[in-house]
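As structure tokens, the structure follows; a few thoughts come after it.
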Amino acid sequence: MDLRNLLGTELPIIQAPMAGAQNHLLAAAVCEAGGLGSIPAGMLDAQTLEAELSAIEALTERPYNVNFFCHQTPTSDPSRIEAWHELLASWFAEFGIDPAHIPSGPTRQPFDSAMADVLERHHPALVSFHFGLPSAELLQRARATGAKIASSATTLEEGLWLQQHGVDLVIAQGLEAGGHRGIFLNEDLTTQLGTFALLPQLVEALDVPVIAAGGIADAKGVAAAQALGAAGAQLGTAYLLCPESRTNALHRAALKSPRARHTALTTLFTGRPARGILNRLMRELGPLPEGIPDFPLAGNAISALRQKTESLELDHCTPLWAGQNASGCREIPAAQLTRELASGWTR
């Protein structure tokens, strides 16, 4: 069974949810082209989620996906925040940031009962999760809307765990993928596999369909995923230059430059490992320094620096999320890109 049979799409392509770089406009364009557009909810509250789902349903009647984070919101540790601010002290001084004015609350919200209330008023074809799955009660509420359930696996063990917990499909997130790693059973980055190493192992071991994600940039990559048994392909980086995306000018410039060839996993921007194009912050502090506050609390200090540096047209503190293969990034309409990607699928 491939994505088309499971979700009723015309094409076996999922546009990866990309919080901060897109909204319903990109998702709707992909849906109208026959793929599965995605609404990222990781940075939304319930009220904004309601507006986004109403907006996409006003633009398309086709199937769409809503994606949620399902991390545990940490308790702020003042000593870790203080150490984090000390690490950033020279940056605060250079750009005139007073750490006393930096907020302390979480910048990203996990799936909760308020968001489940919103889902129950709408009809997404798919509800997908990152960082595992929510509680059994919340998962059942999502399923009761009639949506299929998916989550990201970065290892074979995570894929088996997700199947045991009742998902309808698994997204094989290879190490090449841009943005946050979906890793959730442990924090050991040495367990992470490339897409075309992970995908066939999951296909062999699981009874549910597997979607390939990470490093796929064109129709040939989609064809390769199909050859290895994928039920569809999920792409994010390829859509970042589409006119319907909300990628800012600094991010677009980096994607179009030779810099896009060098990405790294970093915890600097949120506290969890995520892949982005190397910038000054990552070079000077190292992409994975110790002692960073737990996800997503690290993001507050970086947000203050980002706002200031971006006002100076500098991307020093901007999370330039991108996968290892940005060669498919083109400034073409999302519908055209979706159809071109799907041309690699041969059945």
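The values are calculated or read from the model by the stated rules, or taken from the named source; none is laboratory data. This is a predicted model, so every value here is computed, not measured. Glycine gets a Cβ as well: all are built from the backbone with ideal geometry, and neighbour counts include every protein chain shown. These accessible areas exclude ligands, DNA and RNA; they are computed on the full protein's heavy atoms, side chains included. Shrake-Rupley method; radii C 1.70, N 1.55, O 1.52, S 1.80 Å.
Please work out how much accessible surface Leu265 shows to a 1.4 Å probe, ignoring ligands, DNA and RNA, in Å² rounded to 10. For Leu265, the solvent-accessible surface is approximately 20 Å².
Computed from label points 7 Å out along Cα-Cβ, the spacing between Met43 and Met1 is 3.4 nm. Distance between the pseudo-spin-label points of Glu137 and Glu57 (7 Å out from Cα toward the beta carbon): 2.5 nm.
For region 136-239, what does the relative contact order come out to in percent, with C-alpha contacts under 8 Å and a separation of six or more?
24 percent
About the centre of its Cα atoms, region 1-140 shows a dipole size close to 300 debye [charges on the beta carbon of Lys, Arg (+1) and Asp, Glu (-1) only; nearest 20 debye].
Taking all protein chains together and a 1.4 Å probe, the residues Lys148, Lys220 rank Lys220, Lys148 from largest to smallest accessible area. When Arg252, Arg62 are compared by accessible surface with a 1.4 Å probe, the order from highest to lowest is Arg62, Arg252. The stretch between Glu86 and Glu157, if pulled fully straight at 0.36 nm per residue, gains 21.8 nm over its current Cα-Cα span. Considering only Pro333, Gly232, Trp321, and ranking their Cα positions along the charge dipole of the chain that arises from unit charges at the beta-carbon of Lys, Arg, Asp and Glu, the one farthest toward the positive end is Pro333. Nonpolar atom fraction for region 65-142, defined as the carbon and sulfur part of the 1.4 Å probe accessible area, stands at 52 percent. Only protein atoms count toward the accessible area here, which uses a 1.4 Å probe; on region 228-280, the carbon and sulfur part of that area reaches 54 percent. Surface calculation, 1.4 Å probe, protein heavy atoms: His180 sits at approximately 20 Å² accessible. Every Cα-Cα pair of region 5-108 was included, and the share exceeding 17 Å stands at 63 percent. Multiplying the residue separation of Thr73 and Ala227 by 0.36 nm and removing their Cα-Cα distance gives an extension gain of 51.5 nm. Residues with beta-carbon under 13 Å from that of Leu189, excluding Leu189: net charge, scoring Lys, Arg +1 and Asp, Glu -1? Local net charge: +1. The GluC sites (Glu not before Pro) of region 127-193 meeting both criteria, a DSSP state outside H, G, I, E and B (loop) and at most 12 other C-beta atoms within 10 angstrom of the site's C-beta, are Glu187. Measuring between their Cα centroids, region 219-261 and region 126-177 lie 22 Å from each other.
Annotation note: GluC sites (Glu not before Pro) in region 1-73 located in DSSP loop regions with a Cβ neighbour count of at most 11 within 10 Å are Glu61. The stretch between Glu10 and Ala197, if pulled fully straight at 0.36 nm per residue, gains 64.6 nm over its current Cα-Cα span. Taking every protein chain into account, the 1.4 Å probe leaves Ser90 with about 80 Å² of accessible area, to the nearest ten.
Can you give me the Kirkwood hydrodynamic radius for region 175-308, using every pair of distinct Cα atoms, in Å to one decimal?
Kirkwood hydrodynamic radius for region 175-308: 16.5 Å.
Mind giving me the FRET efficiency for Asn186 and Ser113? R0 is 25 Å, r the Cβ-Cβ distance, nearest 0.05 is fine. Efficiency, rounded to the nearest 0.05: 0.35.
Long hydrophobic helices in the chain: none of the complete DSSP H runs spans 24 Å or more by Cα along its own axis with mean Kyte-Doolittle hydropathy of at least 0.5. Look at the dipole of region 216-347 built from charges on Cβ: of Ile292, Thr346, Leu265, the Cα furthest out on the positive end belongs to Thr346. Summing charges over neighbours of Ala116, with a neighbour being any other residue whose Cβ is under 15 Å away from its Cβ, gives -3 when K and R count +1 and D and E count -1.
Just want the answer: with Cβ charges of +1 for Lys and Arg and -1 for Asp and Glu, which residue in Tyr64, Pro74, Gly34 is farthest toward the dipole's positive end in region 31-138? Checking the options against the dipole of region 31-138, the answer is Gly34. Heavy atoms of the protein chains alone define the surface here; on that basis the chain has 40 Å² accessible area per residue at 1.4 Å probe size.
The tail of the calculated P(r) for the chain, taken as Cα-Cα distances beyond 33 Å, holds 23 percent of the pairs.
Over all orientations, region 233-347 has a Cα convex hull whose mean projected area works out to 8.0 square nanometres. Between Ser327 and Ala100, the FRET efficiency from the beta-carbon distance, with R0 = 56 Å, is close to 0.80.
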